[in-house]
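Report on the following structure.
The values are calculated or read from the model by the stated rules, or taken from the named source; none is laboratory data. Note that this is a predicted model, so its numbers are computed, not measured. Positions of Cβ are generated from backbone atoms using ideal geometry, with glycine treated the same way; all protein chains shown enter the neighbour counts.
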Amino acid sequence: MRTEELAWLPATQILARSGARELDPQAVVRAHLEAIDRFDGRIHAYIYVDRNARSASGVGVAVKDSQPVAGMPWTYATPSWKDRIATEDAVPVARSRKAGMAVLGKTNLPELAAAIGTTNTLFPATNNPWRQGITPGGSSGGSAAAVAAGMATVALGEDMGGSVRIPASCCGVVGLRPTPDRIPCEMVDAAGLSSRGTLGRSVADVRYLFSVASATEPHASSSKSAHRIGMALDSSLGADAACQAACRRAADALRSAGHFVEEIAWDPEPVAAGYAVVRRASMASFPADLSTFGPGIRQLAEQGKSLTAMDYFHAFESATNAANRAVNAPLHTAYDFLITPTLGMLPMAIERVPAFLGDEWRRYVQFVLPVSFAKVPAVSLPAGLHEGLPVGVQLVGQLGEEYALLDFAEALEAMEGFGFQRPPGLEN
């Protein structure tokens, strides 16, 4: 096998072959580093690369720069912390090292993870591996781009309002948002919405990294051969036809496999309105100098400082109630899983990414955001291409049942038209 092809091996195959002494684990790490040298000058997924990364297993993991890695920059993409170096590993990073993975480096994100693209004032904008000038999504855009371009086997991200699922859909990879706190976080999230998640080129690889990061063992899911699935296709905000078409294709594939699928109502607007208040407050609470923030982030943080406790409480309550109606009530009473388009809009040019918390942003995140407030696990799965760019579908599971959700996603992934495809132009 050519060296460059080692960068595309799935984690499951790397582990099996290195365990059988058929593969030098460090050869895979070198292949990832060579891919970074070839491609990251135009993609800009990484803000820091460890050229001395070592692996006992062969699996290489990229880490979003919102999570600390000892000895590496920990900037959160804000000038206040541009010179900060982490002194210890985040819990999932430490667990990944213990499992023998190579920590390849830190990946780019928007300032304070507060955007649905991946641009900031410290580092070059991250490009989508599928097309130069197109957003990779955000805020875990660097992690998704690194995996999609063969510059890492798997990656760690974080998802508060869609930040793993959005870039997974844009870059054509698999992205899991677990139930909050399934993967521990040593930092305080007062809203309880953020969830550390995993990205990979296959459901199996995402399952593996989740198992390591959460210190849990995969277990057999339900033996049911047919599931009841609720499908949300649209809302008052409207969704791009190609996003809806991908979801319909998935529903048709699931029906052909014997599952029952029916359409359900979806009302994301109260959730988006509540999140806009909660997120402004969270930005205002960052222990950093607001005067160093970019203009857009600074304005939102200043607005957050003017909020009262009752403003926050009412917004959070309204958003949670709406999310419970849209997501939890159907899951509790009628369905095993839900399926939606991951995004309401297709990937766009970097300069046309909707402003954070604005009207177009609401349309973009209309399917991922209610799931965040419902605090249940969800996974974005590649569902083909539209005009040469990836489209994803979101599968939503029961509280704490990540492995059942991943098993269900893996069954859809195996059907024609779903799963990872290698982006063009990454052969040399």
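One residue stands out among those in the range 192-230 that are assigned to a strand (DSSP E or B) and within 21 Å of the chain's Cα centre (by Cα): the one that is surrounded by the fewest Cβ atoms within 10 Å (Cβ to Cβ), which is S195.
Just one of the numbered conditions (1) over 23 Å from S57 (Cα atoms); (2) assigned to a loop (DSSP other than H, G, I, E, B) is not true of I183: (1). For T198, indicate whether it is under 16 Å from G157 (Cβ atoms), at pLDDT 95 or above, in contact with a Phe, Trp or Tyr (Cβ under 9 Å, 6 or more places away or on another chain) and among the hydroxyl-bearing types (S, T, Y). Taking the combined requirement at face value, the residue satisfies it. Restricted to the range 12-39, and to residues that are among the hydrophobic types (A, V, I, L, M, F, W, C) and over 15 Å from A149 (Cα atoms), which residue is farthest from the chain's Cα centre (by Cα)? Filtering the range 12-39 for residues that are among the hydrophobic types (A, V, I, L, M, F, W, C) and over 15 Å from A149 (Cα atoms), the one farthest from the chain's Cα centre (by Cα) comes out as A20. Residues of the range 42-63 that are assigned to a helix (DSSP H, G or I) and either surrounded by fewer than 21 Cβ atoms within 10 Å (Cβ to Cβ) or without any contact (Cβ under 8 Å) to a residue 24 or more places away in the chain (or both): R42 alone. Taking M345, is it within 25 Å of the chain's Cα centre (by Cα), part of a helix (DSSP H, G or I) and closer than 29 Å to C171 by Cα? No; evaluated as a whole, the condition is false for this residue. When you scan the range 385-394, do you find a residue that is of a type outside the set (F, W, Y), outside any strand (DSSP E or B) and over 26 Å from A190 (Cα atoms), even just one? Checking the range 385-394: at least one residue is of a type outside the set (F, W, Y), outside any strand (DSSP E or B) and over 26 Å from A190 (Cα atoms). Which members of the range 168-191 meet the condition of being buried (at least 24 other Cβ atoms within 10 Å of the Cβ) and closer than 23 Å to L343 by Cα? Once the filter is applied, which keeps residues that are buried (at least 24 other Cβ atoms within 10 Å of the Cβ) and closer than 23 Å to L343 by Cα, the range 168-191 yields A168, S169, C170, C171, G172, V173, V174, G175, L176, R177, P178. Filtering the range 404-413 for residues that are outside any helix (DSSP H, G or I), of a type in the set (A, V, I, L, M, F, W, C) and more than 24 Å from D234 (Cβ to Cβ) leaves an empty set. If you filter the range 143-166 down to residues that are in a helix (DSSP H, G or I) and out of contact with any strand residue (DSSP E or B) (no Cβ under 7 Å at 6 or more places or on another chain), you find that the one that is nearest to G200 (Cα to Cα) is A148. Taken as a whole, the structure leaves A319 outside the set of residues that are closer than 18 Å to F356 by Cα and either touching a Lys or Arg at 6+ places or on another chain (Cβ under 6 Å) or charged (D, E, K, R) (or both).
Pairs needed: first member in the range 71-88, touching a residue at least 12 places away in the same chain (Cβ under 8 Å); second member anywhere, part of a helix (DSSP H, G or I) and of a type outside the set (A, V, I, L, M, F, W, C); C-beta distance under 8 Å; at least 6 residues apart or different chains. Listed pairs, sorted by first residue: Y76/E111; A77/E111; T78/E111; T78/T292; P79/T292; S80/T292. Starting from residues that are among the aliphatic types (A, V, I, L, M) and farther than 30 Å from A309 by Cβ, keep the ones in the range 231-240 and report whichever is surrounded by the fewest Cβ atoms within 10 Å (Cβ to Cβ). The residue in question is L233.
Picking from residues in the range 71-105 that are part of a loop (DSSP other than H, G, I, E, B) and among the basic types (K, R), the one that is farthest from G425 (Cα to Cα) is R84.
Being farther than 30 Å from I36 by Cβ, touching a residue at least 12 places away in the same chain (Cβ under 8 Å), in a loop (DSSP other than H, G, I, E, B) and of a type in the set (G, A, S) is a property that does not hold for G419.
Within the range 34-58, being among the aliphatic types (A, V, I, L, M) and under 14 Å from T107 (Cα atoms) holds for I36, I43, A45, I47, V49. Pairs linking a residue in the range 167-187 that is under 10 Å from A148 (Cα atoms) to a residue that is part of a loop (DSSP other than H, G, I, E, B) and of a type in the set (F, W, Y), with Cβ atoms under 8 Å and 6 or more positions apart or on different chains, are C171/W130; G172/W130; G172/F420; V173/F420; V174/F420.
The residues of the range 18-45 include none that are touching an Asp or Glu at 6+ places or on another chain (Cβ under 8 Å) and under 12 Å from V103 (Cβ atoms). For the range 106-142, the set of residues classified as farther than 25 Å from P382 by Cα and either among the hydroxyl-bearing types (S, T, Y) or not in a helix (DSSP H, G or I) (or both) consists of N120, T121, L122, F123, P124, listed by residue number.
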